[in-house]
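Below: the structure, in structure tokens.
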Amino acid sequence: MTPATLTSAMATLGPDWHSDWAWDHYKDVVASLSRELGLRRFCEIGGGRDPLFTPAEIAPLGIDYTVNDISARELEKAPKAFRTACFDIAGDLSAAGIAPAQYDLMFSRMVFEHVRDVERAWTNVHQLLAPGGVALAFFPTLYALPFVANHLMPEWLSGGIVKAFYANRGEATDDPKFPAVYDWCFSSERRLKPMLQRAGFSDIHIQPFWGHRYFLRLPVVRQIDDALNARAARNDIRALTSYAYVLVRK
Ligand SMILES: C[S@@+](CC[C@H](N)C(=O)[O-])C[C@H]1O[C@@H](n2cnc3c(N)ncnc32)[C@H](O)[C@@H]1O
């Protein structure tokens with residue numbers, strides 16, 4: 001049976017409060033929405049060199065998969081089997097010659113924190129979706145400590161720290177660090193819903209997640225942080241989430 005709302009669709013997937021669940025299940029959530037709602041034309045926003053699905057996973061499903069990115073250099077590294085579309089999700093779509101209502105399911109992973117005008121991005125997503133289409137964004141939220149720190153630090157400093165701690169991160173590697181601006185990167189429904197309604201959506205679901213893996217190498221700090229996050233989750237303190245899924249249906 002088709003779920004009546006995105007809230008009921010998410011509830012059937014039994015999400016946990018911890019962000020590990022968000023990372024482990026994002027692909028399943030996208031695949032399940034596609035199956036349950038019969039959504040076959042996918043556009044991954046900011047998929048770049050590392051789309052969520054592989055061509056081998058998509059081929060047997062008969063899905064039409066487009067990888068979008070603002071960067072042509074990123075798209076050059078995307079799997080050749082996927083169609084690519086180079087444009088700014090927060091840009092002027094008609095000037096870029098992007099046709100409206102062409103996708104059934106648009107989704108992104110760790111992209112919206114890099115977008116300068118997220119309200120414009122959601123308005124564009126509404127324009128690009130066919131009627132009944134669904135969009136899903138998975139992004140880090142303020143005011144989790146690692147993201148507040150990243151937000152406040154100049155890029156040269158946060159980039160240097162990431163390079164020092166994570167040898168596989170950096171421009172020359174397969175996992176570069178993109179500057180983050182955190183526009184509208186919240187999980188509070190009170191804050192987000194009016195903006196998403198202005199963008200044209202009425203069926204809206206925001207799934208909050210707490211906790212993160214940034215303190216894995218700092219045992220005592222990690223234990224304290226884990227305990228605080230568990231408590232924040234029990235009390236649904238949205239100002240302390242670390243990630244969110246935002247789901248909208250046109
Ligand atoms: C942190 S990477 C995430 C890549 C991939 N989604 C993943 O999960 O590995 C962010 C990506 O978003 C792209 N991006 C940033 N701003 C964008 C925009 N306004 N429109 C489209 N793509 C954008 C970047 O070029 C980059 O490829």
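The values are calculated or read from the model by the stated rules, or taken from the named source; none is laboratory data. From a predicted model like this one, the values you see are computed outputs, not experimental measurements. FYI the Cβ positions are ideal-geometry reconstructions off the backbone, even for glycines, and counts take in every protein chain you see. To get the accessible areas, we keep the full protein, side chains included, count just its heavy atoms, and leave off ligands, DNA and RNA. Shrake-Rupley method; radii C 1.70, N 1.55, O 1.52, S 1.80 Å.
Here are the numbers for the structure shown:
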quantity: Test: residue in segment 66-84 that is of a type in the set (Gly, Ala, Ser) and closer than 22 Å to Pro131 by Cα; calculated: no
quantity: Top-ranked residue of segment 187-245 - restricted to ones that are of a type in the set (Phe, Trp, Tyr) and closer than 30 Å to Gly133 by Cα, ranked as farthest from the chain's Cα centre (by Cα); calculated: Phe201
quantity: Selected residue (criterion: surrounded by the fewest Cβ atoms within 10 Å (Cβ to Cβ)) from residues of segment 134-146 that are within 22 Å of Val29 (Cβ to Cβ) and within 15 Å of the chain's Cα centre (by Cα); calculated: Pro140
quantity: Extreme residue, nearest to Trp122 (Cα to Cα), among residues of segment 6-28 that are within 16 Å of the ligand (Cβ to nearest atom) and crowded, with 21+ Cβ neighbours inside 10 Å; calculated: Ala22
quantity: Output for segment 202-236, where each listed residue is exposed (fewer than 15 other Cβ atoms within 10 Å of the Cβ), of a type outside the set (Asp, Glu), touching a strand residue (DSSP E or B) at 6+ places or on another chain (Cβ under 9 Å) and assigned to a loop (DSSP other than H, G, I, E, B); calculated: Ser202
quantity: Residue match in segment 218-228 (condition: under 20 Å from His114 (Cβ atoms) and at pLDDT below 95); calculated: no
quantity: Conditions (1) at pLDDT 95 or above; (2) not β-branched (Val, Ile, Thr); (3) not in a helix (DSSP H, G or I): number failed by Leu33; calculated: (3)
quantity: Output for segment 190-201, where each listed residue is touching a helix residue (DSSP H, G or I) at 6+ places or on another chain (Cβ under 6 Å) and loosely packed, with under 15 Cβ neighbours inside 10 Å; calculated: Gly200
quantity: Qualifying positions in segment 98-124 - near the ligand (Cβ under 8 Å from one of its atoms) and either of a type in the set (Gly, Ala, Ser) or closer than 23 Å to Ala31 by Cβ (or both); calculated: Ser108, Arg109, Met110, Val111, Ala121
quantity: Any hit, segment 138-148, residues being in a helix (DSSP H, G or I), out of contact with any helix residue (DSSP H, G or I) (no Cβ under 8 Å at 6 or more places or on another chain) and more than 25 Å from Phe201 (Cα to Cα); calculated: yes
quantity: Residue in segment 35-50 that is farthest from the ligand (Cβ to nearest atom), counting only those that are open to solvent by less than 20 Å² (accessible area, probe 1.4 Å) and hydrophobic (A, V, I, L, M, F, W, C); calculated: Leu39
quantity: Residue list for segment 51-97, restricted to those being more than 9 Å from the ligand (Cβ to nearest atom), in a loop (DSSP other than H, G, I, E, B) and of a type in the set (S, T, N, Q); calculated: Thr54, Ser94
quantity: Verdict on Ala101 being free of Cβ contacts under 8 Å to residues at least 40 places away in the same chain, on the phi > 0 side of the Ramachandran plot, in a loop (DSSP other than H, G, I, E, B) and open to solvent by 10 Å² or more (accessible area, probe 1.4 Å); calculated: yes
